[in-house]
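K.L.:
I'd like to ask you about the structure that follows.
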Amino acid sequence: MRAFITKEGLARFATEKYESPMGNNLCNMMMHLTNYAINKDSCDFIFNNDPNKDDIGHKRSLRSILKHFDDRRRYCREGDWIPPSSEEIWQSIKDVILKTMLTAQPSLAHVYRTSKPDDFENS
């Protein structure tokens with residue numbers, strides 16, 4: 001099994017500030033979900049119509065988010081909480097992908113083998 005991972009991707013944001021799920025906010029999907037199909041209908045949703053600016057709005061490029069973390073690190077003062085670097089975040093993302101694949105691999109291998117039981121050449 002192989003994984004091809006790229007830094008090209010999208011980061012989506014909810015249109016309302018997150019609060020821990022409580023009885024009075026459980027139905028607020030615009031707070032707890034980042035789905036574009038849900039949040040695009042919010043009056044607070046910010047569309048980005050400029051393809052040259054990927055750091056605006058509720059749907060942004062992954063590269064712009066990683067850059068944002070590095071930019072924030074530059075302005076931290078001694079004693080402040082320092083956010084992780086983009087490389088630390090990227091490594092964590094790759095670790096999650098790898099662990100997810102390792103978890104699913106036995107099931108995927110079984111399904112693959114049972115769907116092609118007579119394919120001895122693995123073609």
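Taken together, the values in this text are just the output of simple stated rules run on the coordinates, not laboratory data. Keep in mind the model is a prediction, meaning the values are calculated, not measured. Every residue, glycine as well, gets a Cβ built from its backbone with ideal geometry; the counts of neighbours run over all protein chains shown.
K.L.:
Could you check how many residues of the stretch 48-69 are in contact with a helix residue (DSSP H, G or I) (Cβ under 8 Å, 6 or more places away or on another chain) and either hydrophobic (A, V, I, L, M, F, W, C) or surrounded by fewer than 17 Cβ atoms within 10 Å (Cβ to Cβ) (or both)? Give the steps one after another, and end with the answer.
P.N.:
Narrowing the stretch 48-69 to residues in contact with a helix residue (DSSP H, G or I) (Cβ under 8 Å, 6 or more places away or on another chain): 54-55, 58-59, 66-67, 69.
Keeping just the survivors that are either hydrophobic (A, V, I, L, M, F, W, C) or surrounded by fewer than 17 Cβ atoms within 10 Å (Cβ to Cβ) (or both) gives 55, 66-67, 69.
Here the count works out to 4.
K.L.:
Let me confirm something: among Lys53, Lys94, which residue is of a type in the set (Lys, Arg) and within 16 Å of the chain's Cα centre (by Cα)? Show your work before the answer.
P.N.:
Values: Lys53 fails: within 16 Å of the chain's Cα centre (by Cα).
Answer to the check: Lys94.
K.L.:
Which condition does Ile65 not pass, out of (1) more than 23 Å from Arg12 (Cβ to Cβ); (2) under 16 Å from the mean Cα position of the chain (by Cα); (3) of a type in the set (Val, Ile, Thr), if it passes all the others?
P.N.:
(1)
K.L.:
All but one of (1) among the hydrophobic types (A, V, I, L, M, F, W, C); (2) within 18 Å of Tyr18 (Cα to Cα); (3) out of contact with any helix residue (DSSP H, G or I) (no Cβ under 8 Å at 6 or more places or on another chain) hold for Phe45, so report the exception by its number.
P.N.:
For Phe45, the exception is condition (3).
K.L.:
What number of residues in the stretch 12-44 are among the acidic types (Asp, Glu) and within 21 Å of Ser61 (Cβ to Cβ)?
P.N.:
Adding up the residues that qualify gives 1.
K.L.:
List pairs: first residue in the stretch 51-80 and touching a residue at least 40 places away in the same chain (Cβ under 8 Å), second residue in a helix (DSSP H, G or I) and aromatic (Phe, Trp, Tyr) anywhere in the structure, Cβ distance under 7 angstrom, at least six positions apart or on different chains.
P.N.:
Matching pairs, first to second residue: Lys59/Tyr36; Leu66/Trp90.
K.L.:
Here is a follow-up. I'd like to check which helices (runs of 4 or more DSSP H) are fully inside the stretch 12-123 and have at least 3 residues that are within 28 Å of Met1 (Cβ to Cβ) and not aromatic (Phe, Trp, Tyr).
P.N.:
The qualifying helices (runs of 4 or more DSSP H) are 62-74, 86-115.
K.L.:
Return a yes/no flag: does the stretch 27-42 have any residue that is under 30 Å from Arg113 (Cβ atoms) and exposed (fewer than 15 other Cβ atoms within 10 Å of the Cβ). Even if it seems obvious, please write down each step before you answer.
P.N.:
Residues of the stretch 27-42 under 30 Å from Arg113 (Cβ atoms): none.
No, because not a single residue in the stretch 27-42 is under 30 Å from Arg113 (Cβ atoms) and exposed (fewer than 15 other Cβ atoms within 10 Å of the Cβ).
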